1. Does A61 meet the test of being assigned to a strand (DSSP E or B), surrounded by 17 or more Cβ atoms within 10 Å (Cβ to Cβ) and of a type outside the set (F, W, Y)?
2. When you go through (1) assigned to a strand (DSSP E or B); (2) open to solvent by less than 50 Å² (accessible area, probe 1.4 Å); (3) modelled with pLDDT under 95 one by one for S51, which number turns out not to apply?
3. Could you pull out the residue among E274, E227 that is within 17 Å of the chain's Cα centre (by Cα) and of a type outside the set (A, V, I, L, M)?
4. Here are the criteria: (1) under 21 Å from L166 (Cα atoms); (2) within 22 Å of the chain's Cα centre (by Cα). Tell me which single one E108 does not satisfy.
5. Does V170 fit the bill of being more than 24 Å from W243 (Cβ to Cβ) and either in contact (Cβ under 8 Å) with a residue 12 or more places away in the chain or of a type in the set (D, E, K, R) (or both)?
6. What residue, of V62, V66, is within 14 Å of the chain's Cα centre (by Cα) and within 23 Å of G124 (Cβ to Cβ)?
7. Of everything in the stretch 35-48 that's among the hydrophobic types (A, V, I, L, M, F, W, C), more than 19 Å from A264 (Cβ to Cβ) and part of a strand (DSSP E or B), which residue is least open to solvent (accessible area, probe 1.4 Å)?
8. Mind telling me which of the residues A26, A32, A71 ends up being at pLDDT 95 or above and hydrophobic (A, V, I, L, M, F, W, C)?
Amino acid sequence: MRVLTVTAVAAERDAVVRAFAAPPDAGPDAGATPAHVRLPGGPTAHRVRVSAAGTVVELDAVAAGVGTGAAAAGTATALTAAALGGAPYDLVVSAGIGGGFAGGGLPEDGTAGGDGRAGGPVPGATVVASVVVAADLGAQTAEPGGFVPVTELGFGTVTHLPPPALVRAVAAATGAVTGPVLTVSTVTGTAARAAELAARHPGAAVEAMEGFGVAEAAAAHGVPVLELRTVSNPVGPRDRAAWRVPDALRALTTAYAAAVPALADWHATRRTDEAYGTGPSHRTDEEQHQPDEQGQAERA
């Protein structure tokens, strides 16, 4: 199984790769040492190979940059290089840290900040995206807080669906919450903006800046996508003192280590189902749920 994991920055990439490192008291042959593989255009993939659930998993971790544009470009570059090299990826994972929404199903920190605000989601809480959402891709309208998604303008898409069976398996393995993960171009910095996003996207668990770009590139290549996030801060008024980035990065390492056997199990099951004709075809799970536009046109 070949897995491409895309993060925004090197610290997140390294947190993912540390999931495969040996513990401090392990012997000299334990753990996996990453190889550095140069990709076209400059990014470097950190590659590790491990065995999980009877499957050899080859993971390439790439820090593609911040934002949807960089994420999509980096993901597309890696996917294209792999396909041209005859070794395409079986899964793409968008991984990293992000802001957690109060009321998004995350465990809550009961402490309060210096200004009396509630503590918000527990730092390090883990989320697996049930849907990857482009939360601010569209147009503003004249009404206060008014917004029209790009789909209502007649263009593109604003959501990507990870394989539901994989979402459930990884959430169970990691103890994660599942829910919508929002991709935003600007990090939320006010309570009003947090409330607006939460109202527009009920159940939103986390906001980050890259997932939708990763998912767009994966969909273009017909490769399933998953998004895995750990919480570094509450979504709302910008308060750097409340950020717990080291806690979130440590949680990301722990979550990814727990997720890998679930990825391998899902892949093995998917291949078996396809071989015996009892499961989805080579199309992604998202494609399985897309409307039959041709059929609808013929019935109209």
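The values are calculated or read from the model by the stated rules, or taken from the named source; none is laboratory data. Model, not experiment: these values are computed from the prediction. So basically every Cβ, Gly included, is an ideal-geometry build from the backbone, and we count neighbours across all protein chains shown. Ligands, DNA and RNA are excluded from the accessible area calculation, which covers all protein heavy atoms including side chains. Shrake-Rupley method; radii C 1.70, N 1.55, O 1.52, S 1.80 Å.
1. Numbers: assigned to a strand (DSSP E or B): yes; surrounded by 17 or more Cβ atoms within 10 Å (Cβ to Cβ): yes; of a type outside the set (F, W, Y): yes.
Criteria met by A61.
2. (2)
3. Working: E274 fails: within 17 Å of the chain's Cα centre (by Cα).
Going through E274, E227 in turn, the sole match is E227.
4. Checking E108 against (1) under 21 Å from L166 (Cα atoms); (2) within 22 Å of the chain's Cα centre (by Cα), the one that fails is (1).
5. Yes: the conditions hold for V170.
6. Details: V62 fails: within 23 Å of G124 (Cβ to Cβ).
Answer to the check: V66.
7. From the stretch 35-48, those among the hydrophobic types (A, V, I, L, M, F, W, C) are 35, 37, 39, 45, 48; that's our starting set.
Filter once more, keeping what is more than 19 Å from A264 (Cβ to Cβ): 35, 37, 39, 45.
Okay, now just the ones that are also part of a strand (DSSP E or B), so 35, 37, 45.
On the way: A35: 49, V37: 39, A45: 1 Å².
The selected residue is A45.
8. On the way: A26 fails: at pLDDT 95 or above; A32 fails: at pLDDT 95 or above.
Testing whether each residue is at pLDDT 95 or above and hydrophobic (A, V, I, L, M, F, W, C) leaves just A71.
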